[in-house]
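Notes follow the structure.
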Amino acid sequence: MSKNVYFGNLSLETTEEEMRNLVSEFGQIELIKLIIDRQTGQRLDFGFVKFDDEDDSIQCIKKLDGTEFKGQKLDVKEAIDHERRPPRKTKY
């Protein structure tokens, strides 16, 4: 079963190819998504990697969380599915 991994505190210059090189040792990658702000079109400092196998994602989290990549200390953890995430509070 596949599982998404959240990567926070990424350098804004990080490319998809660099992410693939960083995580490819942990297993087969299904998807890499670096997040872009919808309004500004600018890259944000986080992204997601989806592995084909859950065990691969667990190993990736264990090995990369807190490590330095491109001058930034990575925040790597299991991504929360939209269905499990609590609803956002509005500012009205």
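Before moving on, here are some points about what is shown:
- For the chain, the tally of Lys pairs with Cα-Cα distances below 13 Å comes to 7, considering only residues 8 or more apart or on different chains.
- Per-q log10 I(q)/I(0), region 3-78, q = 0.13, 0.24 Å⁻¹ (Debye; single scatterer per alpha-carbon; no solvent): -0.34, -1.11
We did not get these values from a lab; they are worked out from the coordinates using the rules stated. None of the values given here were measured: they were computed from a predicted structure.
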